[in-house]
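To keep things clear, I will list the structure first and then write my remarks on it.
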């Protein structure tokens with residue numbers, strides 16, 4: 001089985017639109033939360049969100065959007081883009097440049113793309129409204145591909161002339177971790193030499209507020225504390241959007257191109273809770289199984305784990321389940337591994353989360369740091385026995401895990417290793 | 001007929017101030033000239049504004065670097081091939097044209113609309129409440145050879161597309177043409193006279209393609225002869241392997257004369273221009289089926 005490496009990263013996120021900006025935010029624990037103007041109305045109890053910076057995509061017509069330099073999108077491509085597909089296009093451009101891929105490295109039979117998104121609820125809503133108001137034949141012809149769940153890969157595969165494997169993943173908050181895992185398999189099985197892994201979300205009113213009625217979103221109006229995973233007073237997640245892209249390549253391609261990898265992907269595992277459609281298993285059963293399978297696939301023992309980028313979204317139930325799962329898997333070594341949730345800084349990116357946080361893990365392994373878990377005033381006793389650093393540590397991790405959990409009780413864990 | 005004029009009149013409502021606001025909103029990415037033409041059209045229903053509306057709407061969807069091509073004479077420009085628009089963009093254009101001109105274009109009608117000129121004529125006919133002309137006919141290989149009174153080794157058309165306003169054709173110089181053996185010795189060059197001949201042949205095809213000239217009559221295949229040509233300029237030497245693209249546009253077609261303007265290009269390069277090519281022709285009684293399908297006013301209206 002070939003070894004598989006991360007050789008390029010692209011970020012359009014609430015904490016930075018480049019790998020360098022993201023790294024700085026992670027090191028300095030600078031968060032991306034704001035009092036979100038669209039939530040200002042008195043009848044909206046949610047006040048805080050973590051929008052992407054420099055883009056403006058709220059207009060119905062994409063030609064009215066603001067797209068920051070150096071990105072430029074032709075009208076012919078723009079008309080089929082949802083906001084998240086636009087972010088993904090920009091992040092993919094970044095990742096291609098970051099990995100120093102030539103055009104022929106992007107478009108060939110051996111290069112594929114897996115994406116994760118929940119589609120674009122705002123675009124779908126407008127499409128249906130227009131259909132009802134103006135008539136069936138008077139809707140934008142590309143309204144469907146700009147809105148349904150596959151919009152990110154439809155657009156990216158066409159615009160970047162991808163010719164290898166392509167599909168999308170819809171396991172909600174675990175979706176882009178699934179995309180990463182299956183992209184890993186695609187290369188491991190020798191079917192592809194290179195895969196782009198994309199996670200993207202609109203991160204606007206229509207993607208965030210529907211979570212409020214299930215009491216999953218924080219009602220805390222203070223941007224500085226609304227997202228505080230592992231804190232005793234946490235009351236839900238803060239929504240975010242954007243896109244993250246990872247370039248995965250086989251060791252042969254890395255050698256052929258003389259690429260400098262960020263990190264090696266050692267393996268991954270997944271398991272399901274078999275418990276509830278929206279609530280995580282109280283003991284973290286599925287997540288623990290996913291972590292065990294990932295460690296086994298990677299050939300790594302619990303004693304070797306230096307850092308876990310936790311899924312912890314700042315919801316009361318989810319964070320507690322994850323703490324139990326980590327303790328169950330690491331056992332006596334739980335107190336050694338540094339566990340933190342970067343969602344304290346970024347907010348929860350839903351389908352974006354897995355790829356974005358895998359990117360954070362890659363940055364940590366390449367540049368030798370462990371992101372702290374921000375905004376903890378009083379640590380929840382449920383975290384007892386875990387080492388949760390409050391500030392970023394300038395130490396070089398060797399083995400890093402990334403956890404992700406989604407609706408339906410889907411859990412994914414991916415294992416990364418430092419490249420020396 | 002694809003659509004009864006009555007459905008058009010049903011669509012046309014009085015033009016209220018809120019309609020103007022919504023019209024301006026729909027056209028907000030178009031030039032001011034386009035918006036004014038659309039407002040004027042909706043107020044008075046005068047079809048003279050239609051060309052400006054069509055050009056303005058198409059221009060809005062064309063990439064900025066290609067827009068200068070729309071500034072001059074552009075009826076020949078093919079929306080998809082020359083302006084780089086795909087069929088989905090064509091749908092967007094059609095929806096906006098429908099909305100602005102309060103007309104309706106069905107999917108099967110859309111297929112015949114290839115050039116900007118096609119679209120202008122189609123919408124113009126709709127606006128006037130007259131049936132649109134038959135869509136352009138494409139004639140390939142055997143069909144073309146069967147229709148033409150000229151044959152090998154003296155036919156210089158491979159395939160052609162004929163509409164009331166224009167005929168286009170292509171011919172690939174194979175190198176096997178008998179006259180190339182001597183023109184010139186050891187240096188085969190397509191004679192300019194033969195290139196003019198090929199334009200004349202395209203005129204013959206245009207006259208014979210079943211386009212209406214006069215009710216109940218058709219052009220007799222044995223009646224067509226070359227009459228004159230004027231303003232001929234050659235710009236490029238054409239050799240075996242070159243694909244000639246012929247374009248012929250009728251200026252006047254009235255028995256016994258059909259006057260065309262013609263040009264031949266190789267790719268984007270001008271090869272030959274003829275300001276006038278005139279053919280004589282005579283009319284004969286049409287077979288009954290063809291009679292029923294003809295519309296006498298269309299060709300004259302289209303070339304006016």
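Mind checking the full-extension length gain between residue B:230 and residue B:33? Use 0.36 nm per residue of separation minus the Cα-Cα distance, one decimal, nm.
67.2 nm
Among DSSP beta bridges whose residues both lie in the range A:4-412, state the antiparallel percentage, nearest 5.
Expressed as a percentage, antiparallel bridges in the range A:4-412 total about 60.
Roughly speaking, what is the stretch gain from residue B:75 to residue B:140, that is 0.36 nm per residue apart minus the C-alpha to C-alpha distance, in nm to one decimal?
21.1 nm
Could you list the residues of the range B:79-101 with an amide nitrogen less than 14 Å from a label point located 7 Å from the Cα of residue B:111 in the Cα-to-C-beta direction?
Correct set: none at all.
Neighbour counts of other C-beta atoms within 10 Å: give me A:366, A:193 arranged from fewest to most. Walk me through the numbers before you get to the answer.
Values: A:366 19, A:193 23.
With the sparsest Cβ surroundings first, the list reads A:366, A:193.
Sequence gap at least 6, Cα distance under 8 Å: using those rules, report the relative contact order of the range B:5-128 to the nearest whole percent.
For the range B:5-128, the relative contact order is 29 percent.
For a label point 7 angstrom out from the Cα of residue B:170 toward its Cβ, which stretches of the range B:260-283 have the backbone nitrogen within less than 11 Å?
Flagged as within label range: B:267.
Ranked by Cβ crowding within 10 angstrom, fewest neighbours first, how are A:79, A:53, A:256 ordered? Walk me through the numbers on the way to the answer.
Details: A:79 21, A:53 16, A:256 12.
Going from sparsest to densest Cβ surroundings: A:256, A:53, A:79.
Give me the one-decimal nm value for the distance between modelled label points at residue A:24 and residue B:185, 7 Å along each residue's Cα-to-Cβ direction.
So the two model labels end up 7.9 nm from each other.
Could you work out how far apart the two model spin labels at residue B:86 and residue A:296 are, taking each label as a point 7 Å from the Cα in the direction of the beta carbon, and quote it in nm?
With each label point 7 Å from Cα toward Cβ, the separation is 4.6 nm.
Pulled fully out, how much extra length does the chain show between residue B:150 and residue B:214, if you take 0.36 nm times their separation in residues and subtract their Cα-Cα distance?
20.6 nm is the gain from fully extending residue B:150 to residue B:214.
At a Förster distance of 30 Å, what's the computed FRET efficiency of residue A:420 paired with residue A:109, Cβ-Cβ distance as r, to 0.05? Present the calculation step by step, with values, prior to reporting the outcome.
Numbers: r = 32 Å, r/R0 = 1.08.
Given R0 = 30 Å and the Cβ-Cβ separation, E is 0.40.
I'd like to know how the protein assembly as shown sits against the 2.2 N^0.38 Å rule of thumb: what's its Cα Rg over that expected value? Don't skip to the end; give the middle numbers.
Values: Rg = 33.5 Å, N = 724, 2.2 N^0.38 = 26.9 Å.
Taking N as the residue count of the protein assembly as shown, the ratio is 1.25.
If packing is taken as the mean number of other Cβ atoms within 10 Å per residue, what is the order of A:34-47, B:22-35, highest first?
Top of the packing list down: B:22-35, A:34-47.
How many Cβ atoms of partner chains, on average, are near each residue of B:90-98 if near means within 10 Å of its Cβ?
2
Using 1/(1 + (r/R0)^6) with R0 = 35 angstrom and r between the beta carbons of residue B:26 and residue B:269, what's the FRET efficiency to the nearest 0.05?
0.30
Quick one: Debye curve from the alpha-carbon atoms of chain A only, equal weights, vacuum; give me log10 I(q)/I(0) at q = 0.12 Å⁻¹ to two decimals.
Here the Debye-derived log intensity ratios amount to -0.88.
When chain B is modelled as a GNM with alpha-carbon springs shorter than 10 Å, which of B:52, B:271, B:222 fluctuates the most?
B:222
Rounded to the nearest 0.05, what FRET efficiency is calculated for residue A:219 and residue A:133 with R0 set to 45 Å and r the Cβ-Cβ distance? Could the numbers behind the result be given before it?
Numbers: r = 34 Å, r/R0 = 0.75.
Computed FRET efficiency for residue A:219 and residue A:133 comes out at 0.85.
Report the residues of the range A:182-202 in range of a label on residue A:257: point 7 Å along Cα→C-beta, backbone N strictly under 11 Å from it.
A:193-196
Sort B:270, B:120 so that the residue with the fewest other Cβ atoms within 10 Å of its own Cβ comes first and the one with the most comes last. Display every interim value, and only then the final one.
Details: B:270 13, B:120 23.
By the 10 Å Cβ count, ascending: B:270, B:120.
Compute the acute angle (0 to 90°) between the alpha-carbon long axis of helix B:50-61 and the principal axis of greatest extent of the alpha-carbon atoms of chain B; round to the nearest 10°.
90 degrees
Once you keep just the Cα pairs under 8 angstrom separated by 6 or more residues, what percentage relative contact order results for chain A?
Reported relative contact order: 23 percent.
Connecting C-alpha atoms closer than 10 Å in a GNM of chain A, tell me which of A:270, A:104, A:77 has the biggest fluctuation.
Sorting by GNM fluctuation, first place goes to A:104.
To the nearest whole number, what is the average tally of beta carbon atoms from other chains within 10 Å of the beta carbons of peptide A:68-76?
The mean count of partner-chain Cβ atoms within 10 Å per residue comes to 2.
FYI, it's all coordinate maths here, none of it is from the lab. Please read these numbers as outputs of a predicted model, since none were measured by experiment. Cβ coordinates were reconstructed from backbone atoms using ideal geometry, including for glycine residues, and neighbour counts include every protein chain displayed.
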